[in-house]
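The values are calculated or read from the model by the stated rules, or taken from the named source; none is laboratory data. Not measured: the values here are computed from a predicted model. Here the Cβ positions follow ideal geometry from the backbone for every residue, glycine too, while neighbour counts run over all protein chains shown. Keep in mind that these areas ignore ligands, DNA and RNA; they rest on the heavy atoms of the full protein, side chains included. Shrake-Rupley method; radii C 1.70, N 1.55, O 1.52, S 1.80 Å.
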Amino acid sequence: MGIDKIIDTAFEPVSHAVASVIFYSIPIMGLDIKLVLVWLVLAALFFTVYFSFVNIRCFKHAIDVLYGKYDDQDAEGQINRFQALMTALSGTVGLGNIAGVAVAISVGGPGAAFWMAVMGIFGMSTKFVEVTLGVKYRQHGSKRHPEMISGGPMYYLRNAFDRYRIPYLGKFMAGLFAVCCIGGTVGAGGLFQANQAYQQALTVTGGDASFLADKGWLFGLFMAILVGLVIIGGIQWIAAVASRVVPVMAIIYIVAGFVVIGCHYASIPEAMLTIFEMALYPQAGLGAMMGALLMGVQRASFSNEAGLGSSAIAHSAVKTNQPVSQGMVGMLGPFIDTVIICTVTALVIVISGTYVEGNGMEGVELTSRAFASGISWFPYVLSLTVFLFAYSTMISWSYYGLKCTTYLFGEQDIVEGIYKVIFCMFIVMGASAELSNIILFTDSMVFAMAIPNIIGLYLLAPEIKQDLKIYLQNIVKK
């Protein structure tokens, strides 16, 4: 038994124990509903109503803000609005947009695509609140580098409970979020991404006969070097790379998707009708509709991360003196991630009809088959996007973990250096080892972030509502 198997086996009882708590499910109508999913959905619905559908009525304004219409060149910060959004998107636009959508459709049917888009729209409101708070409560934490800015749920959670005169609970919640984020960063942002990128590269180069077979460590080392070259420069380098990589990979993927859809253009009306019918009027009855709804909502929540608080860390470094304005930009993330990119994946799968051929739950292999139905060599394009998605996710999540590490251990150069080395080591390990139990544990950590984060959002929602009112009044005056 190799060292990775020994570690994985030893970690099994811990990972399953944690996952059983975080992903605790209750049976309803024969379906297991995860309570953490209910927690995320209720927050999205509440904030949408509480902020009077800010996700819809301020959508055009959000685009104007993104394109610099209301920029203040003298505002403090390290990156511009576009870079902040691309950095946050590089953390959310990943394998969930490719494999996650396929899982939703293979299990919940085509109707899941509709509910994914719906959840993406509601998730915009949650993202608006957490990004606004991230910018509002950010701070300059480093004495040696006063230009550096740190922000995120760690800081606004502490302030939220201070307002209610229970500072010890605030420190606990902030610390809990930071610990969970670090755990999630190592696994979901490092181990899993490297592992899946390697597996896809192995598949398209010949599988067991590939020159990459048994060379996972070499592939992991290559990715670790690429990641290390970027994260060593901090948020400015990460944002610079993300602002170039994310648009390119999104365009490649969307164009490829439209080509496949175009190859099946005659099936478009029927496919759209199927999606709506299966979502709202399933022939199999209410249970089928609930299955589609739950799978769509679950994959949307897992994909756009609205409610987890991670994106607030990236947006906190933006150049602005108006927190609400960046909240507007932040809420565009779930729209791009879930409503646009995930919908392209769903349309490719449904229009091509490849989901009918499947047998049970399928992931990236279903998406790959759907792309191949248009042009035989398109799975190679998919492999390129998988690599770019994985790479961009790693550099963004490395920053999230870094900020949580420095929050716990101090904003010092040595702390940053040690963290970056360890993160890159986990990338090598992820590509060369089978660590399913550790990945299960770290996935649990990612969604555990939502528990303290959303509590903080509820506590601070009234002041953000007042801030939004004042902000919109000032915009009208201009």
Once phi is turned into ³J(HN,Hα) by the Karplus curve 6.51 cos²θ - 1.76 cosθ + 1.60 with θ = phi - 60°, what whole-Hz value does each residue of the range 156-172 show in order, with x for glycine and proline?
-> 6, 5, 4, 6, 4, 7, 4, 5, 9, 6, 10, x, 5, 5, x, 5, 5
Residue separation between VAL38 and PHE222 times 0.36 nm, minus their alpha-carbon distance, gives in nm 62.3 nm
Net lengthening on full extension, ARG165/HIS140 (0.36 nm per residue, minus Cα-Cα) | 6.6 nm
Taking the Cα-to-Cβ direction at ASP208 and at ILE6 and moving 7 Å from each Cα, how far apart do the two end points lie in nm?
-> 2.7
Solvent-accessible area, 1.4 Å probe, carbon plus sulfur percent, for the range 394-478 | 68
What FRET efficiency, computed as 1/(1 + (r/R0)^6) with R0 = 35 Å and r the Cβ-Cβ distance, is obtained for ILE28 and ILE252, rounded to the nearest 0.05?
-> 0.30
Cβ-defined net charge surrounding LYS420, 13 Å radius [Lys, Arg +1; Asp, Glu -1] | -1
Starting from the Cα of VAL259, step 7 Å toward the Cβ, then list every residue of the range 380-400 with an amide N under 16 Å from that point.
-> 380-386
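Per DSSP H run of n ≥ 4, the term is -39500 (n - 2.57); total these for the chain, divide by its residue number, and report the mean residue ellipticity at 222 nm rounded to 500 deg cm²/dmol.
Helix contribution divided over all residues of the chain: -23500 deg cm²/dmol.
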Provide the FRET efficiency to the nearest 0.05 for the LEU472-LEU45 pair, computing r from the beta carbons and using R0 = 22 Å.
-> 0.50
Peptide ranges 264-276, 126-138 listed from the most packed, as the mean C-beta count within 10 angstrom indicates = 126-138, 264-276
Sorted by mean Cβ packing within 10 Å, highest first, what order do the peptides 33-41, 345-353 take?
-> 345-353, 33-41
Within a Cβ distance under 11 Å of ALA461, other residues only, what is the Lys/Arg minus Asp/Glu net charge?
-> -2
Ranked packing of 449-457, 43-51, 235-243, 160-168, most packed first, by mean Cβ within 10 Å | 449-457, 235-243, 43-51, 160-168
Scan (i) 26.3; (ii) 31.7; (iii) 22.7 for the value of mean projected area of the Cα convex hull in nm² calculated from this model and give just the label.
-> (iii)
Charge sum, other residues only, whose C-beta stays under 13 Å from SER90's C-beta, Lys/Arg counted +1 and Asp/Glu -1 | -1
